[in-house]
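A.B. asks: Dropping the structure in here first, questions after.
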């Protein structure tokens, strides 16, 4: 065991969870690059998770949650601390059978979002179609309020079950979650589940809308490339106060096809940075910085990165 964990060999040894030490994180992300974490753990119970989070907090050990890895870039040198995956069955339940009369459905944070969208359509529950084709776990989608041209995650959230760093589970209403464009005000900790406010409808009609939205994404984005989706948030134009398409700004600046090392700006969608074999995290970050500088010079607009970057220094701003 490395780093701060070496001083606490009992941190996970008595807890019901799978543990991998010096765990490579790159293969668990869509970029498929990056170094190792001191420990990668998959708790089998909510109690084990709560104990681990509290111990990490009390010991000053970094504790992060890894979802589908679709919006994440891990530093080439890896990261310190513990990485948690909510991939055990207790965190992946979608309880459509016990939906309330008004369509509130409880879903575990580890549930795959794309599979959830398809399941909700089959079950005849509307309210998630806008998320078709977005790779994420539900917890990750909530934390960053993931979305696209047709809407975002916030539209479907009623309440959130949240595990604080003190190991206590609390409920956060949608009103108090601070949902905004690709942002929430959810405090440090772990999203455990969400009560989704869906509406009952015709399964065939819902499936057709899901299909239409997914087809749109497939035709406009390089979904087969090694990327983490949109690299930058759509910025607010200071002149108009409205959001501009980051992809369009990158295209206008003549950056499609620009490359640094193994990283390149997609020819299909300018807001996608992808990797070739042999590329690394530093290539992506260097290219992202070049894109930001060129767009700023060309349009006077600063692009804020949407992709999260983990490093031993914490999250890279």
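The values are calculated or read from the model by the stated rules, or taken from the named source; none is laboratory data. If you're wondering where the values come from, they're calculated on a predicted model, not measured in any experiment. When we count neighbours, we look across all protein chains shown, and the Cβ atoms used for this are built from the backbone with ideal geometry, even at glycine.
A.B. asks: Across the stretch 289-317, what is the number of residues that are in contact (Cβ under 8 Å) with a residue 24 or more places away in the chain, part of a strand (DSSP E or B) and surrounded by fewer than 17 Cβ atoms within 10 Å (Cβ to Cβ)?
C.D. replies: Residues that pass the stated criteria total 2.
A.B. asks: Sticking with this structure for a sec: Where residues in the stretch 273-288 are touching a residue at least 24 places away in the same chain (Cβ under 8 Å) and not in a helix (DSSP H, G or I), which of them is nearest to residue 151 (Cα to Cα)?
C.D. replies: By that ranking, first place goes to 273.
Every residue, every condition in (1) modelled with pLDDT of 95 or more; (2) surrounded by fewer than 14 Cβ atoms within 10 Å (Cβ to Cβ); (3) in a strand (DSSP E or B), yes or no:
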position: 155; (1), (2), (3): yes, no, no
position: 175; (1), (2), (3): yes, yes, no
position: 185; (1), (2), (3): yes, yes, no
position: 191; (1), (2), (3): yes, no, yes
position: 194; (1), (2), (3): yes, no, yes
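A.B. asks: Here are some conditions: (1) more than 23 Å from residue 295 (Cα to Cα); (2) part of a loop (DSSP other than H, G, I, E, B). Residue 215 meets all but one. Which one does it not meet?
C.D. replies: Residue 215 satisfies all of (1) more than 23 Å from residue 295 (Cα to Cα); (2) part of a loop (DSSP other than H, G, I, E, B) except (2).
A.B. asks: Please specify each residue of the stretch 134-148 satisfying the condition of being in contact with a helix residue (DSSP H, G or I) (Cβ under 7 Å, 6 or more places away or on another chain) and either buried (at least 20 other Cβ atoms within 10 Å of the Cβ) or over 28 Å from residue 64 (Cβ atoms) (or both).
C.D. replies: Within the stretch 134-148, 134, 136, 137, 138, 141, 142, 145, 146 meet the criteria.
A.B. asks: Looking at the stretch 210-239, which of its residues are under 16 Å from residue 123 (Cβ atoms) and touching a strand residue (DSSP E or B) at 6+ places or on another chain (Cβ under 8 Å)?
C.D. replies: Passing the criteria: none in range.
A.B. asks: Now for a separate question. Quick one: in the stretch 108-130, of everything that is touching a strand residue (DSSP E or B) at 6+ places or on another chain (Cβ under 7 Å) and closer than 15 Å to residue 154 by Cβ, which residue is surrounded by the fewest Cβ atoms within 10 Å (Cβ to Cβ)?
C.D. replies: 130
A.B. asks: Same structure, new question: Which condition number in (1) over 17 Å from residue 30 (Cβ atoms); (2) touching a residue at least 60 places away in the same chain (Cβ under 8 Å); (3) not in a loop (DSSP other than H, G, I, E, B) is the one that residue 116 fails?
C.D. replies: All conditions pass for residue 116, except number (2).
A.B. asks: Within the stretch 131-173, which residues are out of contact with any strand residue (DSSP E or B) (no Cβ under 6 Å at 6 or more places or on another chain) and under 24 Å from residue 204 (Cβ atoms)?
C.D. replies: Listed by number, the residues that qualify are 131, 132, 133, 134, 148, 149, 150, 151, 155.
A.B. asks: Whether any residue in the stretch 254-263 is surrounded by fewer than 19 Cβ atoms within 10 Å (Cβ to Cβ), closer than 28 Å to residue 137 by Cβ and in contact with a strand residue (DSSP E or B) (Cβ under 9 Å, 6 or more places away or on another chain) is what I want to check.
C.D. replies: yes
A.B. asks: Could you say which residue among 241, 270, 254 is modelled with pLDDT under 95 and either under 30 Å from residue 162 (Cβ atoms) or in a loop (DSSP other than H, G, I, E, B) (or both)?
C.D. replies: 241
A.B. asks: Could we say that residue 231 is touching a helix residue (DSSP H, G or I) at 6+ places or on another chain (Cβ under 8 Å), at pLDDT below 95 and buried (at least 16 other Cβ atoms within 10 Å of the Cβ) here?
C.D. replies: no
A.B. asks: (1) closer than 25 Å to residue 308 by Cβ; (2) not assigned by TED's automatic domain parsing to the domain that holds residue 283: which one isn't true of residue 201, the others all being true?
C.D. replies: (1)
A.B. asks: Ok, one more. What residue, among those in the stretch 89-107 that are within 30 Å of residue 16 (Cα to Cα) and out of contact with any strand residue (DSSP E or B) (no Cβ under 6 Å at 6 or more places or on another chain), is surrounded by the most Cβ atoms within 10 Å (Cβ to Cβ)?
C.D. replies: So the residue we want is 90.
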